[in-house]
Structure formats: C-alpha cells, structure tokens
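Have a look at the structure below before the remarks.
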Amino acid sequence: MSIDAGDLPLFEHTRDIERRPIPDALRRARSQILAAVDDLLAIPEAALPKPWPWKGGSDEEVRYAAYRAAEALEQAEREARRALLDRERRETEAARIIAPATSARWDLHGLLAPLDDATIDADPPGEEWSIRIVLGHVISGQRAYGWGSAWWQSHPHDAADPHLPTQIPDPFWLTLPDEATAEAAGTLRELRARLDHVLDRSTERLAAMPDERLGYGARWSGFPVTVGFRLGRWSSHIREHTIQVEKTLAMLGRTPTEPERLARHVLAAFGRAEEAVYGRAVSDDAIEPLLSGAAEASGAISDARRAAAR
C-alpha cells in the first residue's frame, strides 16, 4: 500500500491499531457491479417493456432484470450476515458504527453514475453549490472525519474533561489536500474514485479500534463529543449531501430516467450487501456471497441489455 503525503497524519496516529485492508474479492465484486450498472444505463427507457425471457422462456420485461439484480444482492447480504453471525459477537463496535457509511457511499454512487462532467459543473440558481463543489466537500469532510478521528483516539481525554483540546493542532492538517481545489479536481470518475479511496483508507485504519477508545473525548463543530460520535457521522454526512445533490439536480431541471432510477436501486442494494462485511475481520466465506450476487446481477443485466437490443 502506497502512502502519499495526505495519508501520513492518518497512518501516524493509527500505528497501534490492526489494519483491515479492503479484501481483493470485495474489490472484484465492486468492479463487476459497476460494469453491470454501465450496461443498465445503456438500455433505452423505451426498451424497458420489451420481453426478457428469464429462466428460459418466461416473458418478464427487460426492466425486471434490474429488480432481479437487486434481489440477488439482497440474498447476498443475507448470506454474508449469516456467515458472520458467530464472529459478529466478537467484532469491534467501531466496525459496526462505520459500516453504514458504505451503504451511503453506494447510494451516492447510484445518483452520480448517470451524470457527466458538464452536469457536475453546471451552476444551479442562486448561490447554491455546483455538484462538483458538493463532492469536493464530501471527500474533504470524510477525510476530516477519518483523519481527525485518528488523532482524537490517540489522545485519551474524557469528553467532559475541561482540558479537552479546543481543536486539533493546525500542523496536523498542513499536508491534507484543499477542499475547493485538490479534493474537487478531476473528472466525475476521478472524484468518485477519490471518495472511495478516502472512505476505504479511513475504514482500513480505524475499524479495528479498541472499543474503549470510542468513549474518548473529541470535538465536532467545536462541541465536545466522543470519538464514537465522529465515526457515526460518516454515513450521516454522505446522506446529507446526497440529498443536496438531489436538490441540485432538481434545480437544474434534470429528472432521472427509469434506467437511472433502476441503476441507483441496484447500487443501493449492493451497498447494503457490502455493509454486512465492510470493516469486518472477514474471511473468503463471508465475501463469496457478494461475488456470487454480483455475478448473478451482472449476468441478468447483461442478458437484458441484449434482449433490449432485439
């Protein structure tokens, strides 16, 4: 794993925490489902009512392939949770708190997947942010939550301690990218990849945090809180700005097509399945359902795309 300058503050303050790398199998499942969504978005809306001979002859509609894909991913979620049942009792509370952030991330990906660079740069009415600025803020915010939480958990204080630092010292932030320039720079594909990088790095370094550190004092918006509170903000912050993107798209007069809505449904289902294993100390048997579910989802959508072209 390479370490760039922006990663150093995170790594310096989590050296004594077990690292939990994102499993290669999970990365393969992600790639497969993203490719399936590309196929789904290529299906014209007018082709959705066409027959799709699922199971060798039944006349379902092409649109059902997206629902079938989500059903396969929901089954994958159930199987993954079942595989982890015994281990869950021994899991860290930090991993449990962090896990919903990946569901929020994939729902945001579902909203962004159909967009292009021109759309994210379009100026909405008034003084509202463009989608690019929103995404730069989401990425920067996640970095601040992850990297900052790493600092707070390495400095034991009670949240009610009158000596709780008023803030993290400024030098800690000096190597981190600027929100409005570096974090918001690049194509939409690059922005989405940057969000994945920052969220995954935060999870790899903090999901195995010992439970007692969740109660350490920290700050959020100047208020004294716990480290656990800051971890719980990860998913909430992404959801908050997903709603902002939805509102911005409405201001721009962009109404999602049915294939776009279906794509978001599929990625949201994948996010819930990934949440079952995200940040956990997992083995291949827990990841296998996601690989199988992603493969089934991909096969259904690919087959439906061919049916739509007939």
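Has region 27-45 got any residue that is at pLDDT below 95 and open to solvent by less than 20 Å² (accessible area, probe 1.4 Å)? The answer is no; no qualifying residue exists.
Could you tell me which residue of region 183-209 is nearest to Tyr278 (Cα to Cα), considering only residues that are in a loop (DSSP other than H, G, I, E, B) and open to solvent by less than 40 Å² (accessible area, probe 1.4 Å)? My answer is Ala207. Taking each residue of region 187-211 that is of a type in the set (S, T, N, Q) and at pLDDT 95 or above and looking for partners that are open to solvent by less than 20 Å² (accessible area, probe 1.4 Å) and not in a helix (DSSP H, G or I) with beta-carbon atoms closer than 7 Å, six or more apart or interchain, yields Thr203/Tyr278; Thr203/Gly279.
Answer yes if at least one residue in region 47-56 is within 20 Å of the chain's Cα centre (by Cα) and under 29 Å from Val245 (Cβ atoms), and no otherwise.
No - not one qualifying residue is present in region 47-56.
The condition of being more than 30 Å from His13 (Cβ to Cβ) and at pLDDT 95 or above holds for only one of Ile120, Ile97, Ile133, that being Ile120.
So that you can scan it fast, the table gives a plain yes or no per residue for (1) farther than 17 Å from Leu8 by Cα; (2) in contact with a Lys or Arg (Cβ under 7 Å, 6 or more places away or on another chain):
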site	(1), (2)
His137	yes, no
Arg143	no, no
Trp151	no, no
Ser154	no, no
Asp170	no, no
Glu190	yes, no
Met209	yes, no
Tyr216	yes, no
Val225	yes, yes
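For region 168-175, the count of residues that are aromatic (Phe, Trp, Tyr) and at pLDDT below 95 is at least one.
For the structure I just gave you, tell me whether Trp52 is crowded, with 19+ Cβ neighbours inside 10 Å and either outside any helix (DSSP H, G or I) or at pLDDT below 95 (or both).
Working: crowded, with 19+ Cβ neighbours inside 10 Å: yes; either outside any helix (DSSP H, G or I) or at pLDDT below 95 (or both): yes.
The answer is yes for Trp52.
For residues that are among the acidic types (Asp, Glu) and more than 15 Å from Ala250 (Cα to Cα), scanning just region 110-126, find the one that is surrounded by the fewest Cβ atoms within 10 Å (Cβ to Cβ). The qualifying residue surrounded by the fewest Cβ atoms within 10 Å (Cβ to Cβ) is Asp116. The selection criterion, being hydroxyl-bearing (Ser, Thr, Tyr) and in a loop (DSSP other than H, G, I, E, B), does not hold for Thr102.
From the list Phe223, Phe229, the lone residue that is of a type outside the set (A, V, I, L, M), touching a strand residue (DSSP E or B) at 6+ places or on another chain (Cβ under 9 Å) and open to solvent by 50 Å² or more (accessible area, probe 1.4 Å) is Phe229. Give region 55-70 a look and list any residue that's out of contact with any helix residue (DSSP H, G or I) (no Cβ under 7 Å at 6 or more places or on another chain) and in contact (Cβ under 8 Å) with a residue 12 or more places away in the chain, or say none. Residues satisfying the conditions are Glu61, Tyr64, Tyr67. Filtering region 262-276 to residues that are open to solvent by 10 Å² or more (accessible area, probe 1.4 Å), touching a Gly at 6+ places or on another chain (Cβ under 9 Å) and not hydrophobic (A, V, I, L, M, F, W, C) leaves Arg264, His265. Can you find a residue in region 152-165 that is open to solvent by less than 40 Å² (accessible area, probe 1.4 Å), closer than 30 Å to Ala269 by Cβ, touching a helix residue (DSSP H, G or I) at 6+ places or on another chain (Cβ under 9 Å) and in contact (Cβ under 8 Å) with a residue 40 or more places away in the chain? So far as region 152-165 goes, no, none of its residues is open to solvent by less than 40 Å² (accessible area, probe 1.4 Å), closer than 30 Å to Ala269 by Cβ, touching a helix residue (DSSP H, G or I) at 6+ places or on another chain (Cβ under 9 Å) and in contact (Cβ under 8 Å) with a residue 40 or more places away in the chain.
Have a look at Gly253, Gly279, Gly299 and point out the one that is modelled with pLDDT of 95 or more, open to solvent by 50 Å² or more (accessible area, probe 1.4 Å) and of a type in the set (Gly, Ala, Ser). First the steps, then the outcome.
Values: Gly279 fails: open to solvent by 50 Å² or more (accessible area, probe 1.4 Å); Gly299 fails: open to solvent by 50 Å² or more (accessible area, probe 1.4 Å).
The match here is Gly253.
Candidates in region 232-250 are the residues that are hydrophobic (A, V, I, L, M, F, W, C) and out of contact with any Phe, Trp or Tyr (no Cβ under 6 Å at 6 or more places or on another chain); of these, the one that is most open to solvent (accessible area, probe 1.4 Å) is Ile243. Residues that are part of a helix (DSSP H, G or I), of a type in the set (Gly, Ala, Ser) and surrounded by fewer than 24 Cβ atoms within 10 Å (Cβ to Cβ) within region 127-147 comprise Ser140, Gly141, Ala144, listed in sequence order.
The values are calculated or read from the model by the stated rules, or taken from the named source; none is laboratory data. Note that the coordinates shown come from a computational prediction; the quantities given were computed from them, not determined experimentally. We place every Cβ from the backbone using ideal geometry, glycine too, and count neighbours over all the protein chains shown. Please note that ligands, DNA and RNA were not included when accessible areas were found on the heavy atoms of the full protein model with its side chains. Shrake-Rupley method; radii C 1.70, N 1.55, O 1.52, S 1.80 Å.
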